[in-house]
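One structure is given below, encoded as structure tokens.
Computed from the coordinates by the stated procedures, all read-outs in this text should not be read as laboratory data. Fair warning: this is a prediction, and the values are worked out from it, not measured in the lab. Note that we place each Cβ from the backbone using ideal geometry, even for glycine, and neighbour counts take in every protein chain shown.
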Amino acid sequence: MEYINTPAVLPGNMQHHTFFCELYGHELGYNIYLPDGYENGAERYPVFYHLHGWTGNESSEIHTMYPVCCARNAITVFPNSSPVIEDRENLPVEDMLIQELIPLIDSQYRTQTSREGRGISGFSMGGGAAMVYGIKHPELFSSVTAFAGTYHHYFYYKDFRTVGAPTEKAAEFYHDLLNADAPVEKNILKLVAQQADAMRKMQISLHIGAKDVLYCDNEILRLHLEKMGIPHEYRAYESAEHNLSAIL
């Protein structure tokens, strides 16, 4: 893993920093966007955490997400956070974010520290992680936005049967997954059911391209949210493939 990935060019209002991650035993990079007026004021701002996709890093999506950052009067943090690291290098990504980075950001920047002032988003594998972390920690996050979220890692389907599958198969897969003999932490559908009351108090948004290989993944999750009566926004973009720029 490359722990620190300084961008060659920083967009306006964006800064790159590092902190010593006790859980990793290493300095770890992150980017942070500070809204106009931050440097000269005393206002506290909402804060959003955006988790990058597979093989990415803290700098891989800052330019793509920059228009989103500029459109809201909020702080945005881009951690070096891929869940692939958690699986392949035995690094606790979720604990790093929850136990170390969020408290650090709240202590060093003028954030709104209540759950109402904090949201999480992500793309691809980061989108799946954002959804799972948001569901598991509703006391920390009031909103979750997943851009082309990867959920098969959390479906307990070890052979990735949902990837690239036609959306017509979503209902069949959904039935199988509901009846899968898997613990809650290995099946996002069971996790949603367990946390349904808390999720009804969150803003949940799923964005997916209709030509994305993960379209079926997202259709399965949509079916479950509807069944559980959990309010959510679901947008499918007709011509978009697995590309963050195409669905923003």
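Some notes on this structure:
- Rounded to the nearest Hz, the phi-derived 3J(HN,Hα) couplings of region 210-216 under the Karplus curve 6.51 cos²θ - 1.76 cosθ + 1.60 (θ = phi - 60°) are 5, 9, 7, 5, 9, 4, 5, where x marks glycine and proline.
- Calculated mean residue ellipticity, 222 nm, the chain: -8000 deg cm²/dmol, from DSSP H runs (n ≥ 4) at -39500 (n - 2.57) each, averaged per residue and rounded to 500.
- Neighbour counts of C-beta atoms inside 10 Å place 60, 143 in the sequence 143, 60, starting with the fewest.
- Computed magnitude of the charge dipole of the chain (debye, nearest 20; Cβ of K, R +1, Cβ of D, E -1): 540
- Within region 57-81: backbone nitrogen closer than 19 Å to the residue 205 label point (7 Å, Cα to C-beta): 61-79
- Within region 31-72: backbone nitrogen closer than 15 Å to the residue 245 label point (7 Å, Cα to C-beta): 60-68
- DSSP loop GluC sites (Glu not before Pro) with at most 13 other Cβ within 10 Å: longest gap in the chain: 140-237
- Lysines with Cα under 29 Å of residue 169, excluding same-chain neighbours fewer than 8 positions away: 136, 158, 186, 190, 211, 227
- Placing dummy labels 7 Å off each Cα toward the beta-carbon, the span from residue 94 to residue 36 is 4.0 nm.
- Label positions at residue 104 and residue 139, each projected 7 Å from the Cα along the C-beta direction, are separated by 2.3 nm.
- Each Cα pair under 8 Å and six or more residues apart adds its sequence gap; the mean of these over the residue count of region 1-113 is a relative contact order of 29 percent.
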